[in-house]
Structures are given as structure tokens and as C-alpha cells.
1. Among the residues that make up region B:36-59, is at least one of them touching a residue at least 24 places away in the same chain (Cβ under 8 Å), at negative phi and within 17 Å of the chain's Cα centre (by Cα)?
2. Only one of B:L32, B:L69, B:L110, B:L80 is modelled with pLDDT of 95 or more, under 19 Å from the mean Cα position of the chain (by Cα) and within 11 Å of chain A (Cβ to nearest Cβ). Can you tell me which?
3. Take A:S4 and tell me if it is away from chain B (no Cβ under 11 Å) and surrounded by fewer than 14 Cβ atoms within 10 Å (Cβ to Cβ).
4. Does any residue in region A:12-34 that is among the basic types (K, R) come within less than 8 Å, Cβ to Cβ, of a residue that is surrounded by fewer than 15 Cβ atoms within 10 Å (Cβ to Cβ) six or more places away or on a different chain, and which pairs are these?
5. Do we have A:V41 as closer than 20 Å to B:W74 by Cβ, of a type in the set (V, I, T) and either out of contact with any helix residue (DSSP H, G or I) (no Cβ under 7 Å at 6 or more places or on another chain) or touching a residue at least 60 places away in the same chain (Cβ under 8 Å) (or both) here?
6. Need a quick list: helices (runs of 4 or more DSSP H) entirely within region A:24-112 having at least 3 residues that are more than 10 Å from chain B (Cβ to nearest Cβ) and hydrophobic (A, V, I, L, M, F, W, C).
7. Just one of B:S13, B:S9, B:S53 is in a helix (DSSP H, G or I), modelled with pLDDT under 95 and exposed (fewer than 12 other Cβ atoms within 10 Å of the Cβ); which is it?
8. Do you know which residues across region B:83-107 are over 22 Å from A:S32 (Cα atoms) and within 16 Å of the chain's Cα centre (by Cα)?
Amino acid sequence: MSSSATGHFIAQRASALVLVALGLWFAWSVSSLDSLSHESVVAFMTVPFNNILLLLLSAALAYHSYLGVQVVIEDYVHAPRLCWFALVLSRAAHLAIGLLMAYTVYDIGFGA
Amino acid sequence: MSNTERPLSPHLSIYRWPITMLLSTLHRLTGLALSIGLLVFTWWLMATAAGGSDYETAMAVLCSAVGRLLLLGWSFAFFLHLGNGVRHLFWDVGHGFEKSQANASAWFVLIFAVIATAVFWVLL
């Protein structure tokens with residue numbers, strides 16, 4: 001794990017930079033909607049530009065969360081096998097959440 | 001061998017936390033909270049994709065008293081983690097390491113998070 005420490009450092013910062021921009025954009029967009037009715041939310045998400053940014057946001061969120069949770073597990077779970085298991089579980093869960101978010105955003109934007 | 005008269009080192013419970021220590025702890029706690037919030041966000045997205053009664057149910061849960069309180073917490077966690085993340089990025093490129101600067105930026109981030117959360121909810 002330590003051999004990829006520099007990669008982890010860079011990936012965490014790169015995804016953080018993406019999230020600063022997209023996170024503020026999303027917070028601003030949501031608070032600017034006329035209402036949080038289904039029509040209003042779907043209308044926002046089906047604008048192609050918004051949908052693509054939401055896809056990027058989903059990927060960055062899942063990735064950044066994965067990197068953060070990994071550090072927490074490595075810091076506090078000391079039993080080697082339990083640590084390994086927790087890391088694998090976190091990786092699988094974040095992959096699933098990331099794919100689910102991306103698919104759902106795509107489905108809202110371009111689905112039937 | 002053991003000297004019961006010697007002074008004890010301060011324990012966390014009686015230690016007055018410097019603001020920098022508070023922000024460091026909060027950064028990790030808010031990060032974890034936001035990771036859990038990602039599950040709720042995904043659930044809301046899926047309800048949006050499903051539409052109809054699924055969306056109504058999700059919004060009813062999220063707009064309940066408990067739901068609003070949690071969302072208030074998550075929005076504050078979001079702005080605090082984002083602000084403190086930017087603070088970390090400045091450190092990464094070598095700025096703001098002086099004690100006075102670190103203290104000032106910690107207060108700045110804390111105040112930014114409070115104001116940003118308030119603005120978000122007023123506009124919402």
C-alpha cells in the first residue's frame with residue numbers, strides 16, 4: 001500500500017480540485033432551482049451540459065470517498081486480515097455506488 | 001518503580017483544543033459523514049429516476065424534521081470539508097504554515113462553512 005502513496009496523494013488532491021468546482025456548482029444549482037419538484041429536478045438534470053457535469057461529479061465523489069475511507073481504515077483497523085477485508089469491502093462498495101450513481105444520472109438524462 | 005506523585009500528561013478530555021486541532025478532527029469526521037451521505041444522495045437520485053410515488057416518498061422522508069436536521073448537518077459537513085480541503089491544498093503548495101496563519105485560516109474555514117450553509121438554506 002505504501003508503494004502507491006504518491007499516487008494516492010495526487011489522486012486525492014486531483015479529485016478534491018474537481019469536487020471543489022463541481023461541488024460548488026451543484027450546491028449553487030440545487031439552491032437556484034425554482035422548486036425541488038420532480039419536474040423541476042428532472043428538467044435540470046436532462047440538460048446535457050448539466051447531465052455530463054453530474055456524471056463527472058458522481059465519479060469524483062465515489063473516487064474521493066474511496067480514497068478517504070481507505071486512509072481511515074488503514075489508520076484505525078490494525079488487524080492485518082480485517083484491514084485487508086475492510087479495504088476490499090470499501091473498494092467494492094464505492095465501485096458499486098459510483099456505477100449506480102453514474103447509471104442513474106445517465107438514465108435520468110438519456111433513458112427512455 | 002512507579003511514582004504516583006509525578007505529573008500526568010494532559011488527556012484529551014481536559015485539554016483545551018486549539019482551533020487547528022478541532023478543524024483537523026472535523027475534517028476527518030465530516031469526510032466520513034459525507035461518505036455515508038453519498039448513500040442517501042444515491043438513494044435520492046434513484047428515486048428521481050423512478051419518479052412518481054418513489055420521488056414523493058423520498059422527498060417526504062428528506063423533508064421530515066429528522067430528514068431536514070440530517071440534511072442541515074450534511075450541508076454544513078460539505079462546506080466545512082470543502083473549505084478545509086482548500087486550506088489543505090494551500091498547505092500542499094507550501095502556503096500558510098505559520099501558526100498565526102494556520103489559526104486564522106481555521107477560523108476563516110469555520111466561518112465560511114457557517115455562512116455558506118446559511119446561504120444555501122436561505123436560497124433553497
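The values are calculated or read from the model by the stated rules, or taken from the named source; none is laboratory data. Quantities reported herein were computed from a predicted structural model and do not represent experimental measurements. FYI the Cβ positions are ideal-geometry reconstructions off the backbone, even for glycines, and counts take in every protein chain you see.
1. yes
2. Going through B:L32, B:L69, B:L110, B:L80 in turn, the sole match is B:L32.
3. Criteria met by A:S4.
4. Close Cβ pairs satisfying both conditions: A:R13/B:L89; A:R13/B:D92.
5. So A:V41 does not fit the description; no.
6. A:48-76, A:80-110
7. That would be B:S13, the only listed residue that is in a helix (DSSP H, G or I), modelled with pLDDT under 95 and exposed (fewer than 12 other Cβ atoms within 10 Å of the Cβ).
8. Hits for region B:83-107 are B:N84, B:G85, B:V86, B:R87, B:H88, B:S105, B:A106, B:W107.
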